[in-house]
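Structure first, then comments.
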Amino acid sequence: MFKKFISKSRAKSPWIMHFDGGSCNGCDIEVLACLTPLYDVERFGIVNVGNPKHADVLLVTGTINHRNAKVLRNIYDQMPDPKGVIAIGACGLSGGIFRECYNVLGGVDKVIPVDVYVPGCPAKPEAIIDGVVAALGKFEGLKG
Amino acid sequence: MKTLILIILGIVVAPFLGGLIAGLDRKITARFQSRFGPPIVQPFFDVAKLFGKVKVVNNFWQVFCAWIYVIAAALSVGLFFAQSDLLLIFFVQAIGAVFLVMGALSTPSPYSQVGAQRELIQILTYEPLIILVFVSIYLVTGSFRIDEILQYSQPLMHKLPLMFIVLGYALTIKLRKSPFDFSTSHHAHQELVKGVLTEFSGPYLGLIEIAHWYETILILGICALFWHTSFIGMVILLVTTYLAEILIDNTMARMTWRWMLGYVWSIGLAMSFVNLIWLYAG
Ligand code: SF4
(Lines give C-alpha, C1' and ligand atoms only; values in the text may rest on other atoms or scores of the structure.)
Protein backbone atom coordinates (compact mmCIF):
# COMPACT_ATOMS: atom_id res chain seq x y z
CA MET A 1 0.00 0.00 0.00
CA PHE A 2 2.80 2.33 0.93
CA LYS A 3 4.60 1.54 -2.31
CA LYS A 4 1.47 2.30 -4.27
CA PHE A 5 1.15 5.64 -2.51
CA ILE A 6 4.77 6.44 -3.34
CA SER A 7 4.34 5.69 -7.02
CA LYS A 8 1.15 7.74 -7.05
CA SER A 9 2.94 10.58 -5.30
CA ARG A 10 5.62 10.65 -7.96
CA ALA A 11 3.06 11.73 -10.49
CA LYS A 12 1.54 14.18 -8.02
CA SER A 13 4.66 16.02 -7.06
CA PRO A 14 7.16 16.54 -9.88
CA TRP A 15 9.73 19.10 -8.86
CA ILE A 16 11.17 20.70 -11.95
CA MET A 17 14.51 22.23 -12.59
CA HIS A 18 15.20 24.45 -15.52
CA PHE A 19 18.49 24.41 -17.41
CA ASP A 20 19.12 27.01 -20.06
CA GLY A 21 21.61 26.04 -22.77
CA GLY A 22 22.25 28.56 -25.49
CA SER A 23 18.68 29.73 -25.67
CA CYS A 24 17.47 32.99 -27.23
CA ASN A 25 15.44 33.37 -24.00
CA GLY A 26 12.21 32.81 -25.90
CA CYS A 27 11.63 29.35 -24.48
CA ASP A 28 12.87 30.34 -21.04
CA ILE A 29 10.24 32.98 -20.53
CA GLU A 30 7.63 30.48 -21.65
CA VAL A 31 8.86 28.05 -18.99
CA LEU A 32 8.66 30.80 -16.42
CA ALA A 33 5.21 31.76 -17.68
CA CYS A 34 4.04 28.32 -16.56
CA LEU A 35 4.91 29.27 -13.00
CA THR A 36 2.95 32.53 -13.04
CA PRO A 37 -0.57 32.78 -11.64
CA LEU A 38 -2.00 32.54 -15.18
CA TYR A 39 -0.94 28.91 -15.68
CA ASP A 40 -0.11 28.15 -12.04
CA VAL A 41 1.56 24.78 -12.34
CA GLU A 42 1.78 24.55 -8.55
CA ARG A 43 -1.79 23.27 -8.55
CA PHE A 44 -0.37 20.04 -9.99
CA GLY A 45 2.26 19.98 -7.26
CA ILE A 46 4.96 21.23 -9.62
CA VAL A 47 7.57 23.29 -7.82
CA ASN A 48 10.47 25.02 -9.50
CA VAL A 49 13.59 24.10 -7.54
CA GLY A 50 17.08 25.40 -8.09
CA ASN A 51 18.86 22.34 -6.85
CA PRO A 52 19.39 19.23 -9.00
CA LYS A 53 19.48 17.05 -5.89
CA HIS A 54 15.85 17.89 -5.18
CA ALA A 55 14.61 17.82 -8.78
CA ASP A 56 12.63 15.08 -10.54
CA VAL A 57 12.22 16.58 -13.97
CA LEU A 58 14.86 18.52 -15.88
CA LEU A 59 13.60 21.03 -18.43
CA VAL A 60 16.24 21.94 -20.98
CA THR A 61 15.81 24.87 -23.32
CA GLY A 62 18.18 26.13 -25.96
CA THR A 63 20.98 24.58 -27.91
CA ILE A 64 23.62 22.35 -26.44
CA ASN A 65 27.14 23.30 -27.42
CA HIS A 66 30.61 22.06 -26.58
CA ARG A 67 30.78 24.32 -23.54
CA ASN A 68 27.58 23.60 -21.74
CA ALA A 69 27.38 19.90 -22.55
CA LYS A 70 29.63 19.18 -19.55
CA VAL A 71 27.46 21.31 -17.30
CA LEU A 72 24.29 19.64 -18.49
CA ARG A 73 25.79 16.20 -17.99
CA ASN A 74 26.92 17.16 -14.51
CA ILE A 75 23.49 18.47 -13.50
CA TYR A 76 21.83 15.38 -14.93
CA ASP A 77 24.15 13.10 -12.98
CA GLN A 78 23.41 14.91 -9.73
CA MET A 79 19.69 14.25 -9.96
CA PRO A 80 18.70 11.15 -7.98
CA ASP A 81 16.64 8.53 -9.82
CA PRO A 82 13.85 8.31 -10.86
CA LYS A 83 14.18 11.33 -13.08
CA GLY A 84 12.90 12.62 -16.38
CA VAL A 85 14.29 14.98 -19.00
CA ILE A 86 12.22 17.23 -21.24
CA ALA A 87 13.77 18.99 -24.22
CA ILE A 88 11.94 22.21 -25.03
CA GLY A 89 11.76 24.18 -28.25
CA ALA A 90 13.26 23.66 -31.65
CA CYS A 91 16.70 24.38 -30.20
CA GLY A 92 16.41 21.73 -27.53
CA LEU A 93 15.13 19.19 -30.02
CA SER A 94 17.68 19.55 -32.73
CA GLY A 95 19.58 22.81 -32.46
CA GLY A 96 16.86 24.76 -34.26
CA ILE A 97 18.04 27.82 -36.13
CA PHE A 98 21.45 27.50 -34.51
CA ARG A 99 21.89 23.99 -35.81
CA GLU A 100 24.55 24.87 -38.35
CA CYS A 101 26.72 26.88 -35.97
CA TYR A 102 30.25 25.59 -35.55
CA ASN A 103 29.97 25.23 -31.78
CA VAL A 104 26.55 23.60 -31.60
CA LEU A 105 26.30 19.89 -30.93
CA GLY A 106 22.60 19.67 -31.73
CA GLY A 107 19.71 18.58 -29.53
CA VAL A 108 19.73 17.74 -25.85
CA ASP A 109 19.64 14.03 -26.66
CA LYS A 110 23.20 14.21 -27.93
CA VAL A 111 24.32 14.51 -24.31
CA ILE A 112 21.70 12.98 -22.03
CA PRO A 113 18.71 10.71 -22.64
CA VAL A 114 15.52 12.69 -23.29
CA ASP A 115 12.08 11.39 -22.36
CA VAL A 116 9.78 13.99 -23.88
CA TYR A 117 10.24 16.44 -26.74
CA VAL A 118 8.21 19.64 -26.72
CA PRO A 119 8.42 21.31 -30.12
CA GLY A 120 7.80 24.97 -30.93
CA CYS A 121 9.76 28.14 -31.38
CA PRO A 122 9.07 29.13 -28.70
CA ALA A 123 7.17 26.21 -27.17
CA LYS A 124 3.80 27.25 -25.77
CA PRO A 125 3.31 27.06 -21.99
CA GLU A 126 0.40 24.68 -22.52
CA ALA A 127 2.67 22.42 -24.53
CA ILE A 128 5.33 22.54 -21.80
CA ILE A 129 2.79 21.57 -19.15
CA ASP A 130 1.65 18.76 -21.45
CA GLY A 131 5.25 17.69 -21.75
CA VAL A 132 5.68 17.48 -17.98
CA VAL A 133 2.47 15.47 -17.72
CA ALA A 134 3.75 13.11 -20.42
CA ALA A 135 7.02 12.70 -18.52
CA LEU A 136 5.01 11.72 -15.46
CA GLY A 137 3.71 8.79 -17.42
CA LYS A 138 7.20 7.39 -17.16
CA PHE A 139 7.13 7.68 -13.36
CA GLU A 140 3.72 6.05 -13.11
CA GLY A 141 5.00 2.94 -14.79
CA LEU A 142 7.71 2.58 -12.14
CA LYS A 143 7.16 0.32 -9.19
CA GLY A 144 7.66 2.01 -5.79
CA MET B 1 0.87 4.24 31.34
CA LYS B 2 -1.24 7.27 30.47
CA THR B 3 1.93 9.21 29.77
CA LEU B 4 3.19 6.56 27.39
CA ILE B 5 -0.07 6.60 25.45
CA LEU B 6 0.08 10.38 25.25
CA ILE B 7 3.66 10.26 23.96
CA ILE B 8 2.78 7.74 21.27
CA LEU B 9 -0.34 9.72 20.36
CA GLY B 10 1.72 12.86 20.03
CA ILE B 11 4.36 11.21 17.88
CA VAL B 12 1.78 9.68 15.56
CA VAL B 13 -0.74 12.51 15.27
CA ALA B 14 1.63 15.47 15.11
CA PRO B 15 3.13 14.83 11.65
CA PHE B 16 -0.33 14.50 10.12
CA LEU B 17 -1.45 17.76 11.67
CA GLY B 18 1.81 19.43 10.70
CA GLY B 19 1.53 18.21 7.12
CA LEU B 20 -2.03 19.46 6.86
CA ILE B 21 -0.98 22.83 8.23
CA ALA B 22 1.83 22.99 5.68
CA GLY B 23 -0.65 22.14 2.92
CA LEU B 24 -3.12 24.78 4.10
CA ASP B 25 -0.25 27.22 4.24
CA ARG B 26 0.58 26.60 0.59
CA LYS B 27 -3.05 26.81 -0.42
CA ILE B 28 -3.65 30.09 1.38
CA THR B 29 -0.40 31.52 0.04
CA ALA B 30 -1.51 30.60 -3.47
CA ARG B 31 -4.84 32.30 -2.90
CA PHE B 32 -3.03 35.44 -1.75
CA GLN B 33 -1.22 35.42 -5.08
CA SER B 34 -4.55 34.84 -6.92
CA ARG B 35 -3.56 31.31 -7.88
CA PHE B 36 -5.49 28.14 -7.33
CA GLY B 37 -2.76 26.38 -5.43
CA PRO B 38 -1.92 22.72 -4.80
CA PRO B 39 -4.25 20.35 -2.95
CA ILE B 40 -4.05 20.45 0.85
CA VAL B 41 -2.52 16.99 1.01
CA GLN B 42 0.30 18.04 -1.32
CA PRO B 43 3.01 17.93 1.41
CA PHE B 44 2.25 14.22 1.95
CA PHE B 45 2.68 13.54 -1.75
CA ASP B 46 5.96 15.43 -1.69
CA VAL B 47 7.33 13.47 1.23
CA ALA B 48 6.13 10.12 -0.10
CA LYS B 49 7.80 10.87 -3.39
CA LEU B 50 11.01 11.83 -1.62
CA PHE B 51 10.99 8.50 0.20
CA GLY B 52 10.69 6.76 -3.14
CA LYS B 53 13.82 8.33 -4.56
CA VAL B 54 17.24 6.78 -4.74
CA LYS B 55 19.45 7.55 -1.75
CA VAL B 56 22.30 9.85 -2.64
CA VAL B 57 24.50 10.65 0.32
CA ASN B 58 27.77 12.44 0.64
CA ASN B 59 28.83 10.83 3.88
CA PHE B 60 27.50 8.80 6.74
CA TRP B 61 27.37 11.80 9.06
CA GLN B 62 24.62 13.39 6.99
CA VAL B 63 22.34 10.39 7.35
CA PHE B 64 23.01 10.27 11.07
CA CYS B 65 22.24 13.97 11.50
CA ALA B 66 18.98 13.76 9.53
CA TRP B 67 17.83 10.89 11.75
CA ILE B 68 18.81 12.63 14.97
CA TYR B 69 17.00 15.75 13.81
CA VAL B 70 13.74 13.92 13.18
CA ILE B 71 14.03 11.82 16.34
CA ALA B 72 14.68 14.87 18.50
CA ALA B 73 11.77 16.72 16.94
CA ALA B 74 9.43 13.75 17.44
CA LEU B 75 10.62 13.27 21.00
CA SER B 76 10.08 16.90 21.92
CA VAL B 77 6.51 16.76 20.58
CA GLY B 78 5.96 13.48 22.42
CA LEU B 79 7.19 15.05 25.65
CA PHE B 80 4.95 18.03 25.02
CA PHE B 81 1.88 15.81 24.63
CA ALA B 82 2.91 13.92 27.75
CA GLN B 83 2.83 17.29 29.56
CA SER B 84 6.41 17.10 30.62
CA ASP B 85 8.87 19.80 31.55
CA LEU B 86 9.17 22.81 29.24
CA LEU B 87 12.92 23.04 29.79
CA LEU B 88 13.42 19.39 28.90
CA ILE B 89 11.42 19.91 25.69
CA PHE B 90 13.50 22.95 24.92
CA PHE B 91 16.79 21.09 25.25
CA VAL B 92 15.62 18.14 23.20
CA GLN B 93 14.52 20.34 20.31
CA ALA B 94 17.73 22.37 20.54
CA ILE B 95 19.74 19.17 20.06
CA GLY B 96 17.77 18.43 16.91
CA ALA B 97 18.32 21.92 15.56
CA VAL B 98 22.07 21.72 16.15
CA PHE B 99 22.32 18.32 14.45
CA LEU B 100 20.67 19.70 11.34
CA VAL B 101 23.38 22.35 11.19
CA MET B 102 26.09 19.72 11.70
CA GLY B 103 24.69 17.63 8.87
CA ALA B 104 24.84 20.62 6.56
CA LEU B 105 28.35 21.51 7.71
CA SER B 106 29.62 18.01 7.05
CA THR B 107 29.63 18.57 3.29
CA PRO B 108 31.95 20.89 1.38
CA SER B 109 29.21 22.51 -0.72
CA PRO B 110 29.35 26.31 -0.29
CA TYR B 111 25.56 26.66 -0.37
CA SER B 112 25.22 24.13 2.39
CA GLN B 113 28.00 25.78 4.41
CA VAL B 114 26.57 29.27 4.15
CA GLY B 115 23.11 27.94 4.89
CA ALA B 116 24.45 26.17 7.98
CA GLN B 117 26.12 29.33 9.28
CA ARG B 118 22.92 31.26 8.82
CA GLU B 119 20.90 28.52 10.47
CA LEU B 120 23.25 28.78 13.45
CA ILE B 121 22.60 32.51 13.65
CA GLN B 122 18.88 31.85 13.49
CA ILE B 123 19.16 29.37 16.33
CA LEU B 124 21.15 31.94 18.27
CA THR B 125 18.39 34.45 17.68
CA TYR B 126 15.35 32.47 18.70
CA GLU B 127 16.63 30.21 21.48
CA PRO B 128 17.14 33.02 24.07
CA LEU B 129 13.68 34.32 23.27
CA ILE B 130 12.09 30.91 23.80
CA ILE B 131 13.94 30.58 27.09
CA LEU B 132 12.65 34.01 28.14
CA VAL B 133 9.12 32.94 27.26
CA PHE B 134 9.49 29.78 29.35
CA VAL B 135 10.93 31.70 32.26
CA SER B 136 8.09 34.19 32.20
CA ILE B 137 5.58 31.34 32.10
CA TYR B 138 7.38 30.01 35.16
CA LEU B 139 7.18 33.38 36.88
CA VAL B 140 3.42 33.48 36.38
CA THR B 141 2.48 29.90 37.11
CA GLY B 142 5.34 28.84 39.37
CA SER B 143 6.17 25.75 37.34
CA PHE B 144 7.91 24.56 34.19
CA ARG B 145 5.77 21.46 34.03
CA ILE B 146 3.00 21.63 31.45
CA ASP B 147 0.50 19.70 33.54
CA GLU B 148 0.91 22.24 36.33
CA ILE B 149 0.75 25.15 33.89
CA LEU B 150 -2.54 23.78 32.63
CA GLN B 151 -3.91 23.99 36.20
CA TYR B 152 -3.49 27.74 36.21
CA SER B 153 -6.87 29.40 36.53
CA GLN B 154 -6.78 32.13 33.89
CA PRO B 155 -5.26 32.37 30.40
CA LEU B 156 -1.58 33.26 30.40
CA MET B 157 -2.42 35.72 27.64
CA HIS B 158 -3.85 38.12 30.26
CA LYS B 159 -0.55 38.25 32.07
CA LEU B 160 1.92 37.80 29.21
CA PRO B 161 0.54 39.44 26.08
CA LEU B 162 3.92 40.81 25.01
CA MET B 163 5.62 37.47 25.61
CA PHE B 164 3.19 35.99 23.12
CA ILE B 165 4.46 38.40 20.48
CA VAL B 166 8.02 37.44 21.38
CA LEU B 167 7.03 33.80 20.89
CA GLY B 168 5.56 34.85 17.56
CA TYR B 169 9.00 36.04 16.48
CA ALA B 170 10.50 32.72 17.49
CA LEU B 171 7.73 30.95 15.59
CA THR B 172 8.44 32.91 12.41
CA ILE B 173 12.14 32.10 12.62
CA LYS B 174 11.55 28.47 13.46
CA LEU B 175 9.14 28.04 10.56
CA ARG B 176 11.76 29.70 8.34
CA LYS B 177 9.32 32.20 6.97
CA SER B 178 10.09 35.62 5.52
CA PRO B 179 11.55 37.94 6.63
CA PHE B 180 13.57 35.39 8.61
CA ASP B 181 14.20 32.70 5.98
CA PHE B 182 17.93 33.15 5.74
CA SER B 183 19.08 29.59 5.98
CA THR B 184 16.67 28.19 3.43
CA SER B 185 13.71 29.28 1.41
CA HIS B 186 10.48 27.51 0.58
CA HIS B 187 10.86 28.02 -3.09
CA ALA B 188 14.46 27.44 -3.59
CA HIS B 189 15.28 29.66 -6.46
CA GLN B 190 17.15 32.29 -4.58
CA GLU B 191 20.72 33.12 -3.79
CA LEU B 192 21.18 30.19 -1.46
CA VAL B 193 19.62 27.52 -3.67
CA LYS B 194 18.31 25.70 -0.61
CA GLY B 195 20.75 26.60 2.12
CA VAL B 196 21.01 24.01 4.88
CA LEU B 197 18.93 21.60 2.85
CA THR B 198 21.08 21.78 -0.31
CA GLU B 199 22.95 18.56 0.28
CA PHE B 200 20.09 16.55 1.72
CA SER B 201 18.16 14.73 -0.93
CA GLY B 202 15.64 11.97 -1.38
CA PRO B 203 14.55 10.15 1.78
CA TYR B 204 16.71 12.33 4.02
CA LEU B 205 15.04 15.48 2.76
CA GLY B 206 11.76 13.72 3.49
CA LEU B 207 12.87 13.04 7.06
CA ILE B 208 13.77 16.68 7.52
CA GLU B 209 10.40 17.71 6.16
CA ILE B 210 8.67 15.48 8.71
CA ALA B 211 10.85 16.92 11.47
CA HIS B 212 9.76 20.35 10.33
CA TRP B 213 6.12 19.37 10.72
CA TYR B 214 6.85 18.20 14.25
CA GLU B 215 8.50 21.51 15.05
CA THR B 216 5.53 23.44 13.69
CA ILE B 217 3.25 21.49 16.00
CA LEU B 218 5.60 21.98 18.95
CA ILE B 219 5.74 25.75 18.60
CA LEU B 220 2.01 26.01 17.95
CA GLY B 221 1.50 23.86 21.04
CA ILE B 222 3.54 26.30 23.09
CA CYS B 223 1.41 29.11 21.64
CA ALA B 224 -1.68 27.15 22.68
CA LEU B 225 -0.49 27.22 26.30
CA PHE B 226 -1.26 30.93 26.29
CA TRP B 227 -4.99 30.26 26.16
CA HIS B 228 -5.31 26.90 27.83
CA THR B 229 -8.49 27.62 29.75
CA SER B 230 -10.96 27.25 26.90
CA PHE B 231 -10.69 25.05 23.85
CA ILE B 232 -12.38 27.60 21.56
CA GLY B 233 -10.08 30.37 22.73
CA MET B 234 -7.11 28.11 22.02
CA VAL B 235 -8.25 27.31 18.50
CA ILE B 236 -8.99 30.96 17.70
CA LEU B 237 -5.60 31.99 19.04
CA LEU B 238 -3.76 29.38 16.97
CA VAL B 239 -5.67 30.10 13.79
CA THR B 240 -5.11 33.85 14.03
CA THR B 241 -1.44 33.34 14.86
CA TYR B 242 -0.85 31.11 11.89
CA LEU B 243 -2.81 33.33 9.53
CA ALA B 244 -0.75 36.30 10.69
CA GLU B 245 2.33 34.17 10.05
CA ILE B 246 1.27 33.46 6.45
CA LEU B 247 0.40 37.12 5.90
CA ILE B 248 3.81 38.21 7.16
CA ASP B 249 5.47 35.57 5.01
CA ASN B 250 3.76 36.93 1.92
CA THR B 251 4.29 40.60 2.54
CA MET B 252 7.83 40.78 3.87
CA ALA B 253 11.09 40.67 1.99
CA ARG B 254 14.16 39.01 3.40
CA MET B 255 16.67 41.25 5.17
CA THR B 256 20.20 40.52 6.35
CA TRP B 257 21.08 38.38 9.33
CA ARG B 258 22.54 41.41 11.13
CA TRP B 259 19.20 43.11 10.86
CA MET B 260 17.48 40.00 12.19
CA LEU B 261 19.79 39.64 15.15
CA GLY B 262 19.61 43.32 16.08
CA TYR B 263 15.91 43.71 15.46
CA VAL B 264 14.64 40.53 17.04
CA TRP B 265 16.88 40.74 20.07
CA SER B 266 16.23 44.41 20.78
CA ILE B 267 12.46 44.16 20.27
CA GLY B 268 12.27 40.77 21.94
CA LEU B 269 14.30 41.78 25.00
CA ALA B 270 12.48 45.13 25.31
CA MET B 271 9.10 43.42 25.18
CA SER B 272 10.17 40.80 27.69
CA PHE B 273 11.38 43.44 30.12
CA VAL B 274 8.26 45.57 29.76
CA ASN B 275 6.10 42.52 30.25
CA LEU B 276 7.98 41.29 33.31
CA ILE B 277 8.10 44.73 34.93
CA TRP B 278 4.40 45.12 34.29
CA LEU B 279 3.82 41.69 35.76
CA TYR B 280 5.47 42.70 39.02
CA ALA B 281 4.55 46.38 39.29
CA GLY B 282 1.01 46.00 37.92
S1 SF4 C 1 13.36 27.25 -29.91
FE2 SF4 C 1 13.10 29.32 -30.70
S3 SF4 C 1 12.33 30.49 -28.95
FE4 SF4 C 1 13.17 28.58 -28.15
S5 SF4 C 1 15.27 29.09 -27.57
FE6 SF4 C 1 15.32 28.30 -29.69
S7 SF4 C 1 15.18 30.09 -30.99
FE8 SF4 C 1 14.54 30.73 -28.94
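The values are calculated or read from the model by the stated rules, or taken from the named source; none is laboratory data. Note that the structure is predicted; figures quoted are calculated from it, not measured. Using ideal geometry, Cβ is built from the backbone for each residue, glycine included, and neighbour counts are taken over all protein chains shown. Ligands, DNA and RNA are stripped out before the accessible areas are found, and what is left, the full protein with its side chains, is counted by its heavy atoms. Shrake-Rupley method; radii C 1.70, N 1.55, O 1.52, S 1.80 Å.
Worth pointing out:
- With all protein chains modelled, accessible area of A:Arg73 [1.4 Å, Å²]: 90 Å²
- Nearest 10 degrees, 0 to 90: helix B:161-174 Cα axis against chain B principal axis: 10 degrees
- Surface per residue (accessible, 1.4 Å probe) for chain B, Å²: 42 Å²
- For region A:1-106, the antiparallel share of DSSP beta bridges with both residues in that region comes to about 20%.
- Spin-label model, B:Asn59 to B:Asp147: label points 7 Å out along the Cα-to-beta-carbon direction sit 4.4 nm apart.
- Applying the Karplus relation 6.51 cos²θ - 1.76 cosθ + 1.60 with θ = phi - 60° to region B:230-246 yields 3J(HN,Hα) values of 10, 5, 5, x, 4, 5, 4, 4, 5, 5, 5, 4, 6, 5, 4, 4, 5 Hz, where x marks Gly and Pro.
- Cα centre as origin, Lys/Arg/Asp/Glu Cβ charges: region B:136-216 dipole, Debye: 200 debye
- The angle separating the long axis of helix B:86-105 from the principal Cα axis of greatest extent in chain B is about 20 degrees.
- Using C-alpha pairs below 8 Å separated by at least 6 residues, the relative contact order for region A:1-91 is 36 percent.
- 3J(HN,Hα) from dihedral phi, region A:32-49, Karplus parametrisation 6.51/-1.76/1.60, rounded to Hz, x for glycine, proline: 5, 4, 4, 8, 6, x, 4, 9, 6, 5, 5, 5, 9, x, 7, 10, 8, 10
- Amide N of region A:7-30 lying under 12 Å from the label point, which is placed 7 angstrom from the Cα of A:Asn103 along Cα→Cβ: A:22-23
- Only protein heavy atoms count here, probed at 1.4 Å, and on that basis chains B and A bury about 2500 Å² of accessible area in total.
- Computed lengthening from B:Ser230 to B:Leu139, 0.36 nm per intervening residue step minus Cα-Cα distance: 30.6 nm
- C-alpha center-to-center spacing [region B:1-19, region B:48-83] in angstrom: 16 Å
- Spherically averaged projected area in nm², based on the convex hull that wraps the Cα atoms of chain A: 7.9 nm²
- Using a simple spin-label model with pseudo-atoms 7 Å out from Cα toward Cβ, A:Lys110 and A:Asp81 lie 2.7 nm apart.
- Region B:120-167: C-alpha gyration tensor shape, a/c 1.5 cut-off, then a/b vs b/c: prolate
- A Förster radius of 22 Å combined with the Cβ-Cβ distance from B:Leu17 to B:Thr240 puts the calculated FRET efficiency at roughly 0.80.
- Per residue, the solvent-accessible area of region A:1-98 (1.4 Å probe, heavy atoms of protein chains only, all protein chains present) comes to 40 Å².
- Averaged over peptide B:163-170, the number of partner chain Cβ atoms lying within 10 Å of each residue's Cβ comes to 0.
- Percent of beta bridges antiparallel (DSSP, region A:44-144, rounded to nearest 5): 20 percent
- Here the protein assembly as shown is treated with +1 on each Lys and Arg Cβ and -1 on each Asp and Glu Cβ, and its dipole about the Cα centre works out to around 500 debye.
- Test item: Cα-centred dipole of region A:74-141, Lys/Arg +1 and Asp/Glu -1 on Cβ, debye: 160 debye
- Fraction in percent of alpha-carbon pairs per bin - 5 Å, region B:89-170: 3, 13, 20, 18, 14, 11, 8, 7, 5, 2, 0
- Considering only beta bridges that DSSP places wholly inside the protein assembly as shown, some 20 percent are antiparallel.
- A Cα-only calculation for region B:223-282 places Rg and Dmax at 15.3, 40 Å.
- For the listed peptides B:98-104, B:36-42, a ranking on the average number of other beta carbons within 10 Å per residue, highest first, reads B:98-104, B:36-42.
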